[in-house]
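Input: a single structure, listed below in structure tokens.
The values are calculated or read from the model by the stated rules, or taken from the named source; none is laboratory data. Owing to the predicted nature of the structure, the values given are computational and were not obtained by experimental measurement. Positions of Cβ are generated from backbone atoms using ideal geometry, with glycine treated the same way; all protein chains shown enter the neighbour counts.
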Amino acid sequence: MHMHVDSIMTTATLSTQAHTNASLPTWATGGDIQTVNVSGINLRYLKIGQGEPLVLVHTIRSQLEYFQKLIPTLAKHYRVYAIDLPAHGHSDITDQVHDKPMFINAVTGFIKALKLNDVTLMGESIGASISMGIAAEKNVKVKQVFALNPADYDNSNGLDRSSTLGKILFTGIRLPIVGFVISNAEKRDILQQVFEGGFNDNSQLPADFVTEMSEQGGRKGYPKAFRSIFLNWKSWVDGAKKYSRIDVPVTLIYSDDDWSLPAERVATQKQIRNSKLITVDNCGHFSALEKPAEILDIVLAKK
């Protein structure tokens, strides 16, 4: 299926995946797993809680379960919408170009389809960059943004800074032939090692979460879609140049041991007029899993 990125917001229909609600994990009790079809792409999401809308946007290669340690508390203060990005989790995989504009348009289309207004956006890594990109584009009404370890790097995709294995995999994945082999060779143990490169305390990475991600990564078409993100990494660098357009409050939350460099963090903050930078101590890139209590304290202080 080939689609121009601008077409992703044209139509939307809503449906419920009733079969998945029967097996909701305890941390999602009271929620509903649903799908919304945005221009032919079925996007899976969890809806839970009451209050103002909060949309959660996960990291590269993960899915909505990434926020499992935050959602139970957030749902007491917000109506939470946690989404599986295109080609991630249980959302549809297509052969379109997976660049930053595509993901921004997909989440924007999701917000429009559900008729959400004055939405708070919160994302980690590429999810943070997508959230700030939506605020910069101003195609939906955003109240504020919480950007956790945004993936805005100079001459890097971030994962190549995670570990020696990460550097080998995510440098090689962009090469002809070799990159195709790498994208098709992912195993659960490799996936776990790559994610562990983003933690100071590896025990905070749930084993069942890695297993779930590994299973979804085995879907037909996934390797090609995943490789497409890295082939189009320049779009993330270019997209960050639009952050100066943001006019809503942005809380930048960086882990002290994030993959970003201190200079990159300052550069991002300087672009955004109404922004605040907070550092979480003793934490790696995946802060929502490693330091959930600290993240919740920061977010709920802004409620």
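Go through the residues of the range 154-162 one by one and say whether even a single one is of a type in the set (D, E, K, R), touching an Asp or Glu at 6+ places or on another chain (Cβ under 9 Å), within 24 Å of residue 27 (Cβ to Cβ) and assigned to a loop (DSSP other than H, G, I, E, B). No, the range 154-162 contains no residue that is of a type in the set (D, E, K, R), touching an Asp or Glu at 6+ places or on another chain (Cβ under 9 Å), within 24 Å of residue 27 (Cβ to Cβ) and assigned to a loop (DSSP other than H, G, I, E, B).
If you check 33, 8 for being buried (at least 20 other Cβ atoms within 10 Å of the Cβ), under 19 Å from the mean Cα position of the chain (by Cα) and either in a strand (DSSP E or B) or at pLDDT 55 or above (or both), only one passes: 33. Among the residues making up the range 123-171, a single one is aromatic (Phe, Trp, Tyr) and closer than 22 Å to residue 187 by Cβ: 170. Scanning the range 163-183 for residues that are part of a loop (DSSP other than H, G, I, E, B) and modelled with pLDDT of 75 or more, we see that the one that is nearest to residue 237 (Cα to Cα) is 174.
Output yes when any residue across the range 247-269 is of a type in the set (Ser, Thr, Tyr) and surrounded by fewer than 18 Cβ atoms within 10 Å (Cβ to Cβ), and no when none is. For the range 247-269, residues of a type in the set (Ser, Thr, Tyr) and surrounded by fewer than 18 Cβ atoms within 10 Å (Cβ to Cβ): absent. Could you tell me whether residue 117 is modelled with pLDDT of 95 or more, in contact with a helix residue (DSSP H, G or I) (Cβ under 9 Å, 6 or more places away or on another chain) and more than 27 Å from residue 190 (Cβ to Cβ)? The answer is yes for residue 117. For residue 95, the conditions (1) modelled with pLDDT under 95; (2) under 24 Å from residue 285 (Cα atoms) all hold with the exception of (2).
When residue 243 is tested against the conditions (1) in contact with a strand residue (DSSP E or B) (Cβ under 7 Å, 6 or more places away or on another chain); (2) over 18 Å from residue 58 (Cβ atoms); (3) not charged (D, E, K, R), the lone failure is (1).
Somewhere in the range 108-119, is a residue surrounded by fewer than 23 Cβ atoms within 10 Å (Cβ to Cβ), of a type in the set (Asp, Glu) and at negative phi? Looking for residues that are surrounded by fewer than 23 Cβ atoms within 10 Å (Cβ to Cβ), of a type in the set (Asp, Glu) and at negative phi, one finds none in the range 108-119, hence no. The number of residues in the range 89-106 being crowded, with 22+ Cβ neighbours inside 10 Å and either farther than 20 Å from residue 230 by Cβ or charged (D, E, K, R) (or both) comes to 1.
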